[in-house]
Amino acid sequence: MTIDNRMAQVAAGDMATIKDNLMTAYKEAFPDGAEPQVYFAPGRVNLIGEHTDYNGGHVFPCALSIGTYAAVSKRADRRLRFYSLNFPKEGVLLSDLEECVPGKDTKWIAYPKGVIWAFAQRGLELDCGLDICIWGNIPNGSGLSSSASLEVLTGYFLRDLYGFELTNIDLALIGQYSENHYNGMNCGIMDQFASAMGKQDQAIFLDTADLSYEYAPVSLAHHKIVITNSKVKHKLVDSQYNVRRQQCEEAVALLSGRMQLKALGELSFLQLEANRDLFTDEILWKRAKHAVTENERTILAVEALKAGRLEEFGQLMNQSHISLRDDYEVSCEEIDVLVEEAWKVEGVLGSRITGGGFGGCTVSIVENGAVENFQKSVGEAYSRRLQREAEFYIVEIGNGPSKL
Ligand code: GLA
């Protein structure tokens, strides 16, 4: 059996098997490599608080038990060798420390190289190269942060192997910095923060204005978190993401003529509405309205969850979807169909798009007894209405990065 087939058979949570297989793959890819260490960093799902993280607002994501793994060792010279079990056809990709330059890489190695570059930008230079073998079990392009998990993973093994003094929050910030400046995606801090700071069975209530955070237990005794993968990713995603961010900045500039304001997350909807007259551009108004109301919904949702008012939590998730669909316009037909069909199923507390948008996944809270029917009804309707196959994952909230 090839390594790739062996990996395909591994259950998501079976870390010991993954470690063994990854070590074997490492040795096959780099027969002359030194003995590797093995590391893991998780993906994330956001429960609520979408497109608020670059607006100084609140988010409520959690780390998943799926993520990205690496078997890594240092080299004696300055070369970098990469191999991914997810892209075996690409074979071993060669580079070196001097070649970590923004805007040059087209393949997946742009993420680890971006983090190496971002470390150097902080004065944390590597004194030798690496052999890196990667495998991840986050479905590609699903909006569950495979790239953030690879960034946090890279930061985590660099810290461990070179002995840098950094906190996990530093690793999140470095990951975001590399994504912004090496890969040109102007993302906020949510994904890297969730991956770096994840805790089993807890979601992270993060205020992106000052990075203060608290863990909130997600003890859903009678419910499951179900992720539905639309298996579409529209090309717009990065360009439109950056446009949304710019529109929010324009809204802040407009409002700044009248008040002291750094970010939309500082406003209540009442305060925004009192300045409605400034918004002659209807699109800008809708974008600002989403950013402000989504932040308020996130705060209310966490209060509801803490007080055990799950129905209310679900309603707020639904409102979040409507706002992302109609005001922020980051949904798409496939995702809207999945959410509409989820809303029809009995036992569904709430369902919404999750992540950056334009495809990817929805997240739904579903009663234990309704999960089977949920998959059947939503799956059948998706294929009937759009001739597409959805994929379903019942997820566990996992821990942040670790050395295995
Ligand atoms: C992407 C970005 C995050 C966040 C979400 C939307 O996942 O990487 O920073 O902005 O979109 O909430």
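The values are calculated or read from the model by the stated rules, or taken from the named source; none is laboratory data. Note that the structure is predicted; figures quoted are calculated from it, not measured. Methodologically, a virtual Cβ is constructed for each residue, glycine included, from the backbone with ideal geometry; neighbour enumeration extends over all protein chains shown. Side chains are part of the model used for accessible areas, which takes the heavy atoms of the whole protein and leaves out ligands, DNA and RNA. Shrake-Rupley method; radii C 1.70, N 1.55, O 1.52, S 1.80 Å.
Each principal axis of the Cα cloud of segment 91-211 was evaluated for its coordinate range; sorted largest first, these ranges are 39, 32, 25 Å.
Just to confirm a number: summing +1 for Lys and Arg and -1 for Asp and Glu over residues other than VAL345 whose beta-carbon lies under 10 angstrom from that of VAL345, what do you get? That works out to -1. Applying D = kT/(6 pi eta Rh) to segment 165-276, where Rh is the Kirkwood radius over alpha-carbon pairs, T corresponds to 25 °C and eta to 0.890 mPa s, the Stokes-Einstein value obtained is 143 µm²/s. Mind checking segment 152-234 for GluC sites (Glu not before Pro) that DSSP puts in a loop (not H, G, I, E or B) and that have at most 14 other Cβ atoms within 10 Å? Sparse-neighbourhood loop GluC sites (Glu not before Pro): GLU165. With a ≥ b ≥ c the root eigenvalues of the C-alpha gyration tensor of segment 73-116, is it rounded (a/c under 1.5), prolate (a/b larger than b/c) or oblate? Oblate is the answer for segment 73-116, as a/c is 1.5 or above yet b/c matches or exceeds a/b.
Centroid-to-centroid, using Cα positions, segment 314-375 and segment 236-304 are 23 Å apart. Compared with the dominant principal axis of the Cα atoms in the chain, helix 15-29 is inclined by about 50°. Distance between the modelled labels on ASN180 and ILE283, one decimal in nanometres: 2.4 nm (7 Å Cα→Cβ projection). Measuring spread by the Cα atoms of the chain yields a radius of gyration and Dmax of 21.3, 68 Å. Near ALA203, the amide H atoms lying under 5 Å from its own belong to ALA216, VAL218; only residues 5 or more places off or on other chains count, and H is placed 1.01 Å from N.
Taking amide hydrogens as placed 1.01 Å from N in the peptide plane, the amide H of ILE48 sits under 5 Å from those of PHE60, each at least 5 positions away in sequence or on another chain.
The portion of the accessible surface of segment 5-217 made up by carbon and sulfur, rounded to a whole percent, is 47 (1.4 Å probe; DNA, RNA and ligands excluded). Computed over the chain, the per-residue total of -39500 (n - 2.57) for DSSP H runs of n ≥ 4 gives a 222 nm mean residue ellipticity of -13500 deg cm²/dmol, rounded to 500. Put simply, segment 311-352 fits an ellipsoid with semi-axes of 17, 13, 5 Å; these come from the alpha carbon gyration tensor as the roots of five times its eigenvalues, largest first.
Overall shape: oblate for segment 1-144, with the ratio a/c of the largest to smallest alpha carbon gyration tensor axis at 1.5 or above and b/c at least equal to a/b.
Tell me, what is the per residue accessible area of segment 223-395 in Å², probe radius 1.4 Å?
So segment 223-395 comes to 45 Å² accessible per residue, rounded to a whole number.
Scanning the chain for trypsin sites (Lys or Arg not before Pro) lying in DSSP loops with no more than 11 further Cβ atoms inside 10 Å, the longest uninterrupted stretch between such sites is 263-404. Treating cross-link reach as a plain straight distance, find the aspartates and glutamates whose alpha-carbon is under 13 Å from the alpha-carbon of LYS224, omitting any fewer than eight places away in the same chain. List returned: ASP201, GLU367, GLU372, GLU396. Rounded to the nearest Hz, the phi-derived 3J(HN,Hα) couplings of segment 360-367 under the Karplus curve 6.51 cos²θ - 1.76 cosθ + 1.60 (θ = phi - 60°) are x, 10, 10, 10, 9, 9, 10, 4, where x marks glycine and proline.
Each residue of segment 206-223 was assigned a 3J(HN,Hα) from its phi angle through the Karplus curve 6.51 cos²θ - 1.76 cosθ + 1.60 (θ = phi - 60°); the sequence is 10, 9, 6, 5, 9, 6, 6, 8, 9, 8, 10, x, 10, 9, 9, 4, 9, 9 Hz, with glycine and proline shown as x.
Against the main long axis of the alpha-carbon atoms of the chain, helix 333-344 sits at an angle near 60°. The calculated pair-distance distribution of segment 218-346 uses every alpha carbon pair, bins of 5 angstrom beginning at 0, and gives 2, 9, 17, 18, 18, 15, 12, 7, 2, 0 percent.
Length available on full extension from SER239 to VAL101: 0.36 nm per residue minus the Cα-Cα distance, which gives 47.5 nm. Could you state the number of Å between the C-alpha centres of segment 18-84 and segment 185-230? The distance from the Cα centre of segment 185-230 to that of segment 18-84 comes to 18 Å. Using the Cβ-Cβ distance between THR24 and GLN121 with R0 set to 30 Å, the FRET efficiency from 1/(1 + (r/R0)^6) comes to roughly 0.30.
Amide H to amide H, with H built 1.01 Å from N, LEU64 comes under 5 Å of GLY43, ARG44, VAL45, GLY398, counting only residues 5 or more places away or on other chains.
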